[in-house]
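The structure under discussion appears below in the form of structure tokens.
The values are calculated or read from the model by the stated rules, or taken from the named source; none is laboratory data. If you're wondering where the values come from, they're calculated on a predicted model, not measured in any experiment. Counting neighbours? That spans all protein chains shown, and the Cβs are built from the backbone with ideal geometry, glycine included.
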Amino acid sequence: MNSKAFVFIVALALVAGLEAVNVKQIEKKELADFQKGSFINVSIDNTGRLFLGPKLKTIPGPAEEFYLAATTAKNGDLYLGTGHNASVYRIDRNGKTDMIFKGEQLDVYALLVAGNGDVIAGTSPNGRVYRISNENKVSELFDPDEKFIWDLAEDKQGNIICALGNTGAVYSISKVGTAENLLMAEDSHIISLHVTQDNAILAGSGDRGILYEIKDRKVKVLFDSPLEEIKGIATDNEGNVFFAAVKSVPVSQATKEFEIGTVFPKNEKSEKEKIKEKSILYCLQADGTVETIWSSQDEFIYSLYFDPTAKAVIIGTGNSGRVYRVDKQGDFSQVCEANSAQIFKITANDKGYFLIANNTAGIIQVENSLNASGTYFSEVFDARIPSRFGRLTWNADPGKQAAVSFAVRMGNSDNPDKSWTSWSAPFNDPENSNINTSGYRFLQVKIVLSSANPTQTPYLQGYRIHYLVNNLKPEIGQIMVQKPSEKKPGADTTPPRKYLHVSWEADDPNQDRLTFKLFLKKLPDSAWVSLGNDVKEKWLYLDSELFADGKYLLKVQADDALDNTPAWIKTASKISFPFVIDSTAPLLSEFNFARGTVSFTASDESSSLHLVSYSLDGKDWYPVFPEDMVTDSKVEKFKFILNNSKQSRVLFVKVVDEFANYKVFQQSI
């Protein structure tokens with residue numbers, strides 16, 4: 001043989017062997033893949049690229065159960081409205097916290113710093129609007145005889161705009177305290193407000209999901225969304241309006257965390273076609289076109305803010321505490337993920353913006369600058385059985401003065417604990433990194449992004465880990481041997497004249513294909529006899545007429561040779577419980593007929609009797625019962641009075657055993 005041909009044949013054999021042992025891959029490259037893990041100073045975009053996130057700083061806040069409203073002053077002070085203690089706090093740039101207002105109601109849902117520096121607070125329920133001066137003097141500004149004050153805004157003339165519920169009203173309060181009704185909607189609640197550059201008031205409703213425009217005291221509907229709430233409104237300097245439509249959370253729905261927010265079910269008369277999305281972010285363009293630029297079937301939008309630096313909308317969501325940045329083309333990234341369940345409010349400051357979180361209540365400063373490093377932790381990957389982990393590769397664009405490195409840890413419990421390995425030394429080569437560790441079922445990945453340039457970030461597009469699962473032997477479960485009365489023949493099959501249906505359960509932990517060998521042994525002491533090799537199915541018909549009557553054992557042997565090289569093949573076997581093969585008909589003896597009474601003994605050598613009947617003409621058959629009235633033994637005695645009104649001279653007796661073997665005996669009477 002030509003030497004090159006020989007080498008080619010050997011190479012083909014090796015490739016076939018590698019395919020048989022089935023090297024697998026962990027591959028992560030999509031947004032949904034990475035969102036199963038956790039992010040520390042790392043962001044991810046909608047294409048699945050990881051990159052360094054903005055700097056985050058936790059701001060100590062007051063010891064209140066819920067933070068419900070937030071706004072910032074020109075000097076950088078943060079004002080916080082709380083529940084269920086109806087307080088307003090000021091947190092200055094140095095972190096000093098002072099309570100400046102304590103209301104009689106439960107909650108402060110609306111806060112505003114007016115152009116003159118006064119803080120305007122709306123309390124609920126039994127809503128009131130209060131003015132808090134720079135000297136912390138409190139005066140009542142507006143008592144609308146409404147249950148809720150949901151939002152506040154200030155127009156270009158310095159009028160305070162109030163969004164109310166339960167009447168779905170919008171009021172304007174002048175500087176001298178005069179209140180004017182601008183809108184009395186058919187909705188029960190107006191929950192969001194925004195004043196545009198041309199002094200139009202945008203209002204979002206909370207039970208029909210309608211976006212209204214109030215301009216020069218004229219009202220028109222800009223958009224009627226398919227969801228119940230218009231949760232937030234913002235604009236850019238190009239005339240685009242961004243607003244979020246959100247599905248209401250049913251009151252009866254139990255959640256892991258307490259839901260903070262409003263519940264405004266759609267009126268039955270205005271119920272629209274049901275949709276799967278829980279949140280939709282829209283962009284209303286200057287020409288009136290409305291486009292969906294982000295949506296989710298899993299997350300609720302709680303807050304919305306337009307970031308002029310990024311020229312994108314920042315949305316805070318729940319109940320995973322994620323913050324997204326979305327541009328008007330619909331490209332988006334996950335900015336960060338808080339430890340709290342909901343990002344309830346977002347308000348700007350000179351460094352970036354504040355995130356106001358709930359469950360648990362907290363404040364996070366997001367700055368307009370990048371972290372020098374960040375870490376991503378993957379979810380725990382389960383190989384299902386102990387495996388050998390091999391090559392690690394990734395696709396990255398590190399850029400200048402930036403780097404991407406990987407580390408892994410492994411264990412045999414589903415949650416990392418002291419039994420797990422320590423984190424490995426960093427892997428830095430995206431093409432030639434090898435984990436080269438075996439004996440572990442679970443693995444977790446740590447990815448570290450770093451940059452020495454504060455204006456640049458590395459990008460990671462995805463990674464792969466190759467692994468080879470240890471080959472485990474097949475598992476054989478129950479072996480069933482059934483009579484024809486217990487298991488009817490399968491479709492498109494032709495069983496022998498007398499048979500037993502044999503089946504077994506078998507699986508392979510590696511998902512390998514299995515073949516079976518079957519053996520039969522007659523008790524007590526005979527040798528195993530082969531019934532079949534290379535059986536692919538998990539059943540067969542056992543021709544009972546090929547074997548002598550008696551008790552037997554069946555052995556099933558499974559192997560995974562179809563998917564493994566010879567050195568890796570695993571086998572397993574299991575023996576059935578004893579069962580009976582019986583293909584011989586019962587016997588009848590000691591027959592006697594005297595004075596109209598018939599008696600006889602029926603017997604079967606291997607199995608119990610099942611049914612005995614008689615006939616005088618071979619057509620009509622009548623059951624007879626043994627002396628103990630139950631036909632359930634190998635030997636039964638029968639005695640009965642024969643009703644022979646037609647004076648027949650021949651009696652037919654049919655005896656059937658439990659395997660449906662039978663014989664008809666003819667006796668003269």
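What to note about this one:
- Any chance Pro496 is outside the structural domain of Asn412 (by TED's automatic domain parsing) and under 30 Å from the mean Cα position of the chain (by Cα): no
- For Lys269: the one exception among (1) at pLDDT below 95; (2) assigned to a loop (DSSP other than H, G, I, E, B): (2)
- Once the stretch 135-166 is narrowed to residues that are under 48 Å from the mean Cα position of the chain (by Cα) and of a type in the set (Val, Ile, Thr), the residue that is farthest from Ala200 (Cα to Cα) is Ile149.
- Candidates Leu588, Leu562, Leu611, filtered to the one that is hydrophobic (A, V, I, L, M, F, W, C), within 29 Å of Val481 (Cβ to Cβ) and part of a helix (DSSP H, G or I): Leu562
- Unique match (being assigned to a strand (DSSP E or B) and under 29 Å from Pro496 (Cα atoms)) among Lys639, Lys654: Lys654
- Answer from Lys646, Lys619, Lys639 - the residue that is among the charged types (D, E, K, R), in contact with a strand residue (DSSP E or B) (Cβ under 6 Å, 6 or more places away or on another chain) and farther than 14 Å from Leu587 by Cβ: Lys639
- Filtered residues of the stretch 619-636 (kept if touching a Phe, Trp or Tyr at 6+ places or on another chain (Cβ under 8 Å) and assigned to a strand (DSSP E or B)): Tyr622, Pro626
- Scanning the stretch 314-340 for residues that are touching a Cys at 6+ places or on another chain (Cβ under 8 Å) and either more than 25 Å from Gly239 (Cβ to Cβ) or in a strand (DSSP E or B) (or both) yields Arg322, Val323.
- Of the numbered criteria (1) at pLDDT 95 or above; (2) among the basic types (Lys, Arg); (3) in contact with a Gly (Cβ under 9 Å, 6 or more places away or on another chain), the one Lys351 fails is (1).
- Pairs linking a residue in the stretch 61-81 that is modelled with pLDDT of 95 or more and surrounded by fewer than 16 Cβ atoms within 10 Å (Cβ to Cβ) to a residue that is β-branched (Val, Ile, Thr) and part of a strand (DSSP E or B), with Cβ atoms under 7 Å and 6 or more positions apart or on different chains, do not occur.
- Of all residues in the stretch 450-475, those that are under 19 Å from Asp507 (Cα atoms) and assigned to a loop (DSSP other than H, G, I, E, B) total 5.
- Meets criteria (of a type in the set (A, V, I, L, M) and modelled with pLDDT under 95) for Ile385: yes
- Residues in the stretch 603-622 that are surrounded by 13 or more Cβ atoms within 10 Å (Cβ to Cβ) and out of contact with any Ser or Thr (no Cβ under 8 Å at 6 or more places or on another chain) were compared, and the one that is nearest to Ser544 (Cα to Cα) is Ser607.
- The condition (being touching a residue at least 12 places away in the same chain (Cβ under 8 Å), in contact with a Lys or Arg (Cβ under 8 Å, 6 or more places away or on another chain) and among the aliphatic types (A, V, I, L, M)) is satisfied by just one residue among Ile641, Ile575: Ile575.
- Some residue of the stretch 586-593 being in the same structural domain as Ile479 (by TED's automatic domain parsing) and aromatic (Phe, Trp, Tyr): no
- Selected residue [farther than 23 Å from Phe344 by Cα and of a type in the set (A, V, I, L, M)] from Leu164, Leu183: Leu183
- A count restricted to the stretch 511-565 and to residues that are within 43 Å of the chain's Cα centre (by Cα) and of a type in the set (D, E, K, R) stands at 11.
- For Glu658, the stated conditions hold: it is within 27 Å of Lys487 (Cα to Cα) and touching a His at 6+ places or on another chain (Cβ under 7 Å).
- Some residue of the stretch 426-438 being of a type outside the set (Asp, Glu), at positive phi and over 30 Å from the mean Cα position of the chain (by Cα): yes
- Residue check for Asp512: acidic (Asp, Glu), farther than 30 Å from Val655 by Cβ and either outside any loop (DSSP other than H, G, I, E, B) or assigned by TED's automatic domain parsing to the domain that holds Glu605 (or both): no
- Residue in the stretch 532-540 that is part of a loop (DSSP other than H, G, I, E, B) and of a type in the set (A, V, I, L, M, F, W, C) present: no
- Scanning the stretch 102-127 for residues that are surrounded by fewer than 22 Cβ atoms within 10 Å (Cβ to Cβ) and either free of Cβ contacts under 8 Å to residues at least 40 places away in the same chain or touching a Gly at 6+ places or on another chain (Cβ under 8 Å) (or both) yields Lys102, Gly103, Glu104, Gln105, Leu106, Ala114, Gly115, Asn116, Asp118, Pro125, Asn126.
- For the stretch 476-495, the condition holds for no residue, the condition being that it is part of a strand (DSSP E or B), touching a Leu at 6+ places or on another chain (Cβ under 9 Å), surrounded by fewer than 18 Cβ atoms within 10 Å (Cβ to Cβ) and among the small types (Gly, Ala, Ser).
- Given (1) within 22 Å of Ser303 (Cα to Cα); (2) surrounded by 19 or more Cβ atoms within 10 Å (Cβ to Cβ); (3) within 30 Å of the chain's Cα centre (by Cα), number of the condition Leu50 does not satisfy: (1)
- Count - residues of the stretch 507-562 that are touching a residue at least 60 places away in the same chain (Cβ under 8 Å) and in contact with a His (Cβ under 9 Å, 6 or more places away or on another chain): 1
- Per-region count, the stretch 200-231, residues closer than 16 Å to Ala286 by Cβ and outside any strand (DSSP E or B): 1
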